[in-house]
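In what follows, a single structure is set out as structure tokens and then discussed.
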Amino acid sequence: MTRRILIIGAGPAGTLLSCYLVRRGFQVDVYERRPDPRLLDEDESRSINLGLSARGIKALDDIGLMDTLRPLIVPMRGRAIHLPGGALPFQPYGAHEGEILHSVLRRDLITTLVDHAEAQPGVRFHFGHRLVGLDRETAAVRLAGPE
């Protein structure tokens, strides 16, 4: 019997989870209310930067994506604090030099993750579907879409 998992949300966490679960033999369906980010113009997509920590980089390395993403990330060693008098003291992200974050465009991360996950036999994405109901007792969901 094939074990099936349904994930609501094709953001970084849901998509990464689908990669791990398919490795364990699950059939995974990922539902996302937004349209497929790979089909959107840059102006239509969410263009925020995300900070990847060592845990995020390890997870992406575990699924084989860091070599693809490495050219797209920028190291961030800390932040500048804007004080009322105009001073800009630097505050490092960690106590040691190697403790840094890496900035990546959300769109680049998501599209790379979705492409990778979708290439795995057993992972399917369903964009434009919104969760409208959840029954925890019977493990049933109600979805609306495609929108």
For the chain, the per residue accessible area (1.4 Å probe, Å²) is 65
In whole percent, the fraction of accessible protein surface over the stretch 32-119 that belongs to carbon or sulfur atoms, probe radius 1.4 Å, stands at 52
Per DSSP, the loop-located GluC sites (Glu not before Pro) within the stretch 76-143 having at most 15 other beta carbons within 10 Å are Glu97, Glu99, Glu137
Any trypsin sites (Lys or Arg not before Pro) in the stretch 95-138 that lie in a DSSP loop and have at most 12 other Cβ atoms within 10 Å would be Arg136
Which residues qualify? For Gly11, with a placed amide H closer than 5 Å and at least 5 residues away or on another chain, they are none
CD proxy, 222 nm, the chain: helix-only mean residue ellipticity via -39,500 (n - 2.57) per DSSP H run with n ≥ 4, per residue, nearest 500, stands at -7500 deg cm²/dmol
Residue separation between Gln120 and Gln91 times 0.36 nm, minus their alpha-carbon distance, gives in nm 6.3 nm
Once normalised by the length of the stretch 24-107, the mean sequence separation of its alpha carbon contacts under 8 Å that are 6 or more apart gives a contact order in percent of 37
Counting only residues 5 or more apart in sequence or on a different chain, those whose built amide H sits under 5 Å from that of Tyr93 are Gly78, Arg79
Between the Cα axis of helix 12-23 and the main Cα principal axis of the chain, the angle (0 to 90°, nearest 10) is 50
Between Asp41 and Ala80, the two model label points (7 Å from Cα along the beta-carbon direction) sit apart by a distance in nm of 3.3
Binned at 5 Å from zero, the C-alpha pair distances of the chain give percents of 2, 8, 16, 17, 17, 13, 10, 7, 5, 3, 1, 0, 0, 0
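The values are calculated or read from the model by the stated rules, or taken from the named source; none is laboratory data. Just so you know, these numbers come straight off a predicted model, no measurement behind them. A quick note on method: Cβ atoms are made from the backbone with ideal geometry, for glycine too, and the neighbour counts reach across all protein chains shown. Each accessible area value is taken on the protein alone, full model and side chains, heavy atoms only, with ligands, DNA and RNA left out. Shrake-Rupley method; radii C 1.70, N 1.55, O 1.52, S 1.80 Å.
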